[in-house]
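Written below as structure tokens is the structure these notes are about.
The values are calculated or read from the model by the stated rules, or taken from the named source; none is laboratory data. Quantities reported herein were computed from a predicted structural model and do not represent experimental measurements. In this analysis, Cβ positions are derived from the backbone assuming ideal geometry, glycine residues included, and neighbour counts consider all displayed protein chains.
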Amino acid sequence: MAGHVLLALVPIVAVVALTQSRRLSAIIGMGLLSFLLAAAYLVMHAPDVAITEATIGAALVTAIYVLAIRRTGRLTVVADEVPGLLAREGDRVVGLEYEILRGFANSQGLDLSIRFVPLRRVPWLIAHGEADIGAGGIIPLTESIDPLDATPGHLDTGVYAFDARDGRPTSELAPDYDGYFSELQSKARNGLLSSSATSLDLARVLSLSRGAPLEGLDRLDGRHGYAFLVSKERADLKRELVRYIESLRHSGELDRLVARFVQ
Amino acid sequence: MPLILLPLLRFLIAVLSISIARARRPLAVVSHAVDAAMLAWLAASLARGTPVGWTLGSGSAGIGISMTGDRIGMTFAALAWGLSLAVNVYIWRDRLRPYFFLLVHLLVGACYAVSFTQDLFNAYLLFELLTLVSFLLVGYERRPRQIWASLRYLILSSFGMSVFLFGVGIVYAHCGTLDVGVLRPLIAASAGEPWVLLAAALLTTGIGVKAGVFLFSLWLPAAHARAMPAVSALLSGVVIKMGVLELFRLADVFPLRLPLIVLGSITGILGIAYAVTVHDIKKMLAFHTLSQIGYVLIGFGADTPVARLGALTYAVAHGLFKALLFLSAGDASAHVGSADDRTLTEHKARIPRATRIALAVGVLGIVGLPPLAGFDAKAILEDGLSSLGPRIIVWLLSIGTVLSFAKFVPFLFARSTVRAERPRACAYAWLGGLIVAFWPVSVLMTSVPLCLAALGGMHLIESLGSLLAGAGLYMLVRRRTLRLPQAIFRLEESPLIILLGFFLVFVLLFISGSAG
Amino acid sequence: MPIIVSFVLLGIGILALVLRRDLVIKLLALGLINGSSILFLVGIGNRPSARAPIHVPGEVATFVDPLPQALVLSAIVVNFAILALALVFVMILVERYHTTDAVRIEVETSRESEEEETPCL
Amino acid sequence: MISRRGWVIGSVGLVVLFVVLLSFTYMASYPEPGDSARYLAIPLEDSGAANRVAGIYLNTRLFDTLIEILVFSVAVLGVRYYLSHSPQVSLPSLSESAVVRTAAGILGPLALLLSAYFATFGHISPGGGFAAGVIAASAVLYVAIAQGMQATERRLPPQRVATAEKAVLLFLLAWVFLPLAFGRAPLSELLPRGTPGQLLSAGSILPYNILIAVKVFLGAWLVIAAFAQHRGEL
């Protein structure tokens, strides 16, 4: 009798699960269906099959599905590494911007994944839809750099530039850093920093100058702030992100994070 | 014992060649040599009239897995060996991962096991192994189109094998055994009962998905056209044949005569129709795999011993020339950078000479120029056809084959500026040699009188006639463009078409059951 | 009863495979089709008044047929293997086309010509 | 072109027809249950396994099982091969909350225990190597949830696990070939059957179960780890 009830439930669960529009609900529904089937096998005098179905069909398969599409989506962040803002420490990622982004991803029910890339690749990746948000010590000169949009700055900083070369004003070159932070570090150690970077921001200057004193740097005038980059097509994402940062600022959490990571 | 050793040794060598990556070439040599010895021993005992058998598990009939080295099995195992040798030679210098060799060895081992196994469930598992391995081989280069073709292949195959499993279940529920040899008298005793119809239709549908039958295997053109040449050769040459072989085994047990003839005709005619309309030569070869399977099915469905032998011979012949064509066409398109016949003609000087000779031999083989492989096998097959209907269809198929392969002629003649790599040339020589000297091979597979009859004057006239007719038709239609519906190849429609095919098979079985 | 349920499940699976455009759902439907064949096999071995095929010393009882159960164990594992690989391929396609919609992927792949095709990742 | 609606109705009709045809034809000649239980006619001593399913799975139809293991290994290799080319995701940690972590910490050892039981008693009670391996792998997944993926991967480096997996597979194949050395066909039984129902009985089924459990544990863990590292943006 119990077997009949179980079996009668199975097609209903199948229909409900496969008509879901959210993938996660469908997957969980099919996991449930596997468990029902396993129970039915137990009633049908097939304990071995029941055990195998429960472990493989229900547990392992569902785990793999969920791992493949954990939560409903993923927030992909591409970033350059900047100590204090967003940097690897052992096998963890720490920093002010990381905390902001993690909180944001959590509030959106998204799964955060961070790819570290050289800074100059960040705008391209965002513009081509390879990532959602660009981070890691980005200092936009204007609020919109077509086809990208920048959020209002979340932390004020200063920009330091090397002496002008090629006759170009340094300020135009301000956001153009080259390579990973580690590259900069090794260049700084060898005193070749000015050959690869035209300008540096406060966070990078601070962490680089621990190794060797940096010479030839002039502070540029004007207000500069770190910000995040998003694609212009993702106006909703930008709105949510700005709103989240504002709420952090209002609650004082942002100041606490700044105190923890930057000073 | 060699029956089980053949697949098991291949599996062992597969695992060894990925564990000890450096030894993979010597291992391939050793495995082919050992396999050749064992196959020769099996063939010798088959020729003495005592096919070798092997059973796992306890003795009583129908329990445990049994294998038999009968004529059908030996033929297909030998084909698998020959093509495996060709492909291994072909890729000798290519920079491929050990993983690729593992897959190829597993594929060949599974083919050996399918050839010999008498057990339906064992066949199911082996087919799933074949599916997975060929799925991974198709997507090996990770091009998005390969991945997509490969995924469709996996989904549809898996669906088909589930349908097959339903059939296996029905057979087991009624007979209590899965051994084809034991099943034969049991099913013959209950002929015409509903469950026999149902089981036969389900099993045929399931295997049809793997066997390159038109209504069922609509994944095939994309998958075979987009894979690497070596992979396409193996898939078209042997993996499809394993499905055909299982259909043969089923036809021994179930009354599949009418469905096989009808499905064969549909497969042949539609395969040709699509082959004529495409310009991508790899895709065209893939469609021709379907059309040639049509011959084989018609031959086996005709149900006379001679036609069956002819179908078997044709399956081997097709394996040889289709592998040669895929290998050489892949090489040619790699040199030119496109598989479109018009581009190939434009840059024909870039195709190495050995490749062009191989293409020519393959084309002549498939269109049935006497005395090459296609002619010989087709003649034996036609000798066995008793009624006029199938004969006409076979004749139409021959003309259609010539018509579609006429596209190849423009780029076959040129002065080459490049030389083919030596391993490639060796592989061509091995397959091409077998195609040219097919007559002695077919004597080994059938018998001397049959093969002498195949060289008769009527067949010569017929073959030359269809060559001329096909060429003439090509002159008439070559300026026309024709578009056939492509939607049937989509993942959405294919399962429904498989269902339609199931209904067709069911109705045909019903008709032939009530008529007989 | 299990037999009929398995047929119904097969039908539901085929419908979902045909009608749903999302590849992940298609894979789930494929899993259901495979699962239905397993239920069918277990169903044909089942007998109402029998016991699970495990001998307990000193007891005599009628057992259900163990063979379909043994077959099914292999089938479950094979289905898992197929599913894992199919899922990997879906992931690769998603990384390339940013969609799981089978129809859109079909359109995209037929639009790309062979020449400009680059290996995925 | 057919409209979407016509398409849906057509396919539903076709499938309903299929299911009805299947059911009616099957019911039209309903098989007598019990007709088919030929295997029960074989004496228990043939395989020596009190669990008849295990006796078929690992003795009478060992070849099937071997192929199944090959299928599984191919899948593991394939998953690793194809995912090794997609970008890695740096995961801070899988753990969500303290409750989950604690629960996972307790569940892990329990699952390991259950897995060991299934592997060693598979021939006399329900269970078997495959389920045991999968359970062990899920135990490690629990540990990974509790302690973080990176920490777990350091302890079970995928590269080394993959090597071990291949080694176990080779060992399994060697065991299959071993009867050849005694002049018997491969896959045949060498060990004594013993008394059915005792732990040390049923010949090679016990070692096979343990080998399969180890093999499947390593393979399933590799699959899980690969999926966890490279999660697609579905």
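Summary of values
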read-out	value
Criterion violated by residue B:27 - all others in (1) out of contact with any His (no Cβ under 6 Å at 6 or more places or on another chain); (2) within 22 Å of residue D:66 (Cα to Cα); (3) surrounded by 21 or more Cβ atoms within 10 Å (Cβ to Cβ) satisfied	(3)
Total residues in segment B:474-505, condition farther than 30 Å from residue B:259 by Cβ and assigned to a helix (DSSP H, G or I)	4
Condition check for residue B:468: of a type in the set (A, V, I, L, M) and either in contact (Cβ under 8 Å) with a residue 40 or more places away in the chain or loosely packed, with under 11 Cβ neighbours inside 10 Å (or both)	no
Single residue of segment C:11-25 satisfying the filter (more than 7 Å from every other protein chain (Cβ to nearest Cβ) and assigned to a helix (DSSP H, G or I)) that is nearest to residue A:69 (Cα to Cα)	C:23
Residue in segment D:54-73 that is crowded, with 24+ Cβ neighbours inside 10 Å, at pLDDT below 75 and more than 7 Å from every other protein chain (Cβ to nearest Cβ) present	no
Filter result for residue B:84 (surrounded by 24 or more Cβ atoms within 10 Å (Cβ to Cβ), in contact with a Phe, Trp or Tyr (Cβ under 8 Å, 6 or more places away or on another chain), at pLDDT 90 or above and assigned to a helix (DSSP H, G or I))	no
Selection status of residue B:11, within 24 Å of residue B:330 (Cα to Cα), among the aromatic types (Phe, Trp, Tyr) and within 14 Å of chain D (Cβ to nearest Cβ)	no
Boolean, residue B:115 is under 30 Å from residue D:164 (Cα atoms), of a type outside the set (D, E, K, R), more than 10 Å from every other protein chain (Cβ to nearest Cβ) and crowded, with 24+ Cβ neighbours inside 10 Å	no
Some residue of segment C:45-59 being more than 8 Å from chain D (Cβ to nearest Cβ), in a helix (DSSP H, G or I), out of contact with any Gly (no Cβ under 9 Å at 6 or more places or on another chain) and of a type in the set (Lys, Arg)	no
Every pair of residues 6+ apart whose Cβ atoms lie under 6 Å, when the first sits in segment B:267-286 and is in a helix (DSSP H, G or I) while the second is among the charged types (D, E, K, R) and surrounded by fewer than 24 Cβ atoms within 10 Å (Cβ to Cβ)	B:281/B:341
Verdict on residue D:139 being within 14 Å of chain A (Cβ to nearest Cβ), over 18 Å from residue D:119 (Cβ atoms), modelled with pLDDT of 75 or more and touching a Ser or Thr at 6+ places or on another chain (Cβ under 7 Å)	no
Some residue of segment B:50-63 being over 22 Å from residue B:165 (Cβ atoms), out of contact with any Cys (no Cβ under 6 Å at 6 or more places or on another chain), in a helix (DSSP H, G or I) and among the small types (Gly, Ala, Ser)	no
Subset of segment B:189-211 [modelled with pLDDT under 85 and more than 13 Å from every other protein chain (Cβ to nearest Cβ)]	B:189
Helices (runs of 4 or more DSSP H) fully within segment B:172-231 counting 3 or more residues that are in contact (Cβ under 8 Å) with a residue 12 or more places away in the chain and crowded, with 24+ Cβ neighbours inside 10 Å	B:194-211, B:220-226
Some residue of segment B:18-28 being modelled with pLDDT under 85 and at positive phi	no
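Here is a yes/no grid of residues against (1) in contact (Cβ under 8 Å) with a residue 60 or more places away in the chain; (2) surrounded by 24 or more Cβ atoms within 10 Å (Cβ to Cβ); (3) of a type in the set (S, T, N, Q):
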position	(1), (2), (3)
B:79	yes, yes, no
B:95	no, no, no
B:99	yes, no, no
B:109	yes, yes, no
B:122	no, yes, yes
B:161	no, yes, no
B:165	no, yes, no
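The rows are residues; the columns are (1) assigned to a helix (DSSP H, G or I); (2) under 21 Å from residue B:100 (Cβ atoms); (3) out of contact with any helix residue (DSSP H, G or I) (no Cβ under 6 Å at 6 or more places or on another chain).
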| site | (1), (2), (3) |
| --- | --- |
| B:14 | yes, yes, no |
| B:18 | yes, yes, no |
| B:25 | yes, yes, yes |
| B:32 | yes, yes, no |
| B:36 | yes, no, yes |
| B:40 | yes, no, yes |
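Let's see how each residue does on (1) β-branched (Val, Ile, Thr); (2) more than 24 Å from residue D:67 (Cα to Cα):
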{"residue": "D:145", "(1), (2)": "yes, yes"}
{"residue": "D:156", "(1), (2)": "no, yes"}
{"residue": "D:163", "(1), (2)": "yes, no"}
{"residue": "D:198", "(1), (2)": "no, yes"}
{"residue": "D:204", "(1), (2)": "no, no"}
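For every residue, the table says whether it meets (1) under 20 Å from residue B:163 (Cβ atoms); (2) surrounded by 24 or more Cβ atoms within 10 Å (Cβ to Cβ); (3) modelled with pLDDT under 90.
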residue: C:5; (1), (2), (3): yes, no, no
residue: C:14; (1), (2), (3): yes, yes, no
residue: C:20; (1), (2), (3): yes, no, yes
residue: C:23; (1), (2), (3): no, yes, yes
residue: C:30; (1), (2), (3): yes, yes, no
residue: C:49; (1), (2), (3): no, no, yes
residue: C:64; (1), (2), (3): no, yes, yes
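Results for (1) more than 11 Å from chain A (Cβ to nearest Cβ); (2) over 26 Å from residue C:72 (Cα atoms); (3) under 16 Å from the mean Cα position of the chain (by Cα); (4) crowded, with 24+ Cβ neighbours inside 10 Å, shown as yes or no for each residue.
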| position | (1), (2), (3), (4) |
| --- | --- |
| D:105 | yes, yes, no, no |
| D:111 | no, no, yes, no |
| D:116 | yes, no, yes, no |
| D:125 | no, no, no, no |
| D:128 | no, no, yes, yes |
| D:145 | no, yes, no, no |
